[in-house]
Each structure stands twice: as structure tokens, then as C-alpha cells.
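Heads up, the thing below is written out as C-alpha cells.
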Amino acid sequence: MIKAWLRNVIDEKLHPSIAFNATVVEIWKELKERYATGNAPRVHQLKSDLAECKQGNRSVVDYYTDLKSLWDELTTYSHVPACTCGAATEFLKEKEEEKVHQFIIGLNTALYDNLRSNLLMDDDLTFLNRVYDLVLREERHKAVTRIREEPSTEVAMSARNGAGRGHGNFTNPDQQEYEPPKCTHCKKWYHTEENF
């Protein structure tokens, strides 16, 4: 039954090369010897991708998701030896701290430099989910602050340009800029020779 299943899932082009193998074990050995390749090139590529992974203009969620998928795949190639001495626990703790450093190194410096400094002052950087949560909260805080500041910035810009006071730039080219009367003698506004 397993032999039939293997033949169904294997490409038809390979059928002649395994047709005369008597057992499933022989078929499996044949395919493994032929197609098993070393993991070193893929591990190298994953580590290279991790080194180059930066947040840029992406959201923290997108950046973290990319990092997490790279870490998860790299973990499939890593083997922690079984032990009873507790060294494996220390090894995993160190790996987690390495992930935290990779995560905060790749954060957008312009947005998260202060938070990065605060995180690095913490002696316990072994909880990636906690660090991720702190950065996510900071991103949300910055988004709310930005939304609150945008309307006041627009009002300040229009006030600075004189819009709404009779002075300044108009967007309609048919409108003329209003200029109050000015005395030609004393140069005071709203003071004319007739009112002298």
C-alpha cells in the first residue's frame, strides 16, 4: 500500500528508475541518496536574509512577521542536543536573546531609537514577545500622536500663511489679495489723508 502511495506522489518521470525496487525501504533509500542535498546553502541564505532584514517603512507587524518566518525556518535546520545537565536550556535562552537583538537592530532608527536605548538598558532581553509588544505599543502611540498633531499642524500652517485673515496666499487665482488702506503721509494702516 505504501509502495503504491509513493508511486502516486512521485513524478511519473521517476517511475522507471524505482520500478524494480522490491521494498519501500529500497525506494526511500534510492530517492534519498539521489535528491538529499546539504542544508548549508539554505542555512547560509537564511542567515544572510536575517542580517539584511530591516523594518524600513514597513509596520512593526510586517517586519516582525518576516523575521519570525526566517527564524522558524532556520530552527528546522538547527538541532539542540538532548541533555540532562541544563545546557540546552541555556542554549535556547541565548538564542532567544539573539533574536531580540536582531529584532531591535532592524527597527527604524528614526522612529525607535529612544525605545531601543531603553530596551538595551534592561538586563533581561530573553523575552522576544515582551519586547515585540513594547515596540508595537510604541508604534500605536506614535500613530495616535501623529493623527492628533496633523489637524493642528494644518491650522498652524494656514495661520502662518495668513489664510483666513485677508492676508497671504489664495488658492483661487481670480481672487485678489486684500490689502487694507494705508496712509501715504504717515504710512499707518487704516489711516488715510481724508481721515486726518
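Just so you know, all these numbers are worked out from the coordinates, no wet-lab data involved. Values in this document were obtained by computation on a predicted structure and should not be read as measured data.
For LYS182, the residues 5 or more places off, or on other chains, whose built amide H falls under 5 Å of its own are TYR190. Backbone geometry of region 22-30 corresponds, through the Karplus equation with coefficients 6.51, -1.76 and 1.60 at θ = phi - 60°, to 3J(HN,Hα) couplings of 6, 10, 5, 4, 5, 4, 4, 4, 4 Hz, x marking Gly and Pro. Residues in region 5-16 carry Karplus couplings, in order, of 4, 4, 5, 6, 8, 8, 3, 4, 5, 8, 3, x Hz; the curve used is 6.51 cos²θ - 1.76 cosθ + 1.60 with θ = phi - 60°, and Gly or Pro positions show x.
Taking a quarter of the surface of the convex hull around the Cα atoms of region 1-157, what do you get in nm²? Don't skip to the answer; put the middle values down first.
Details: hull surface 65.1 nm².
With the hull built on Cα positions only, its mean projection is 16.3 nm².
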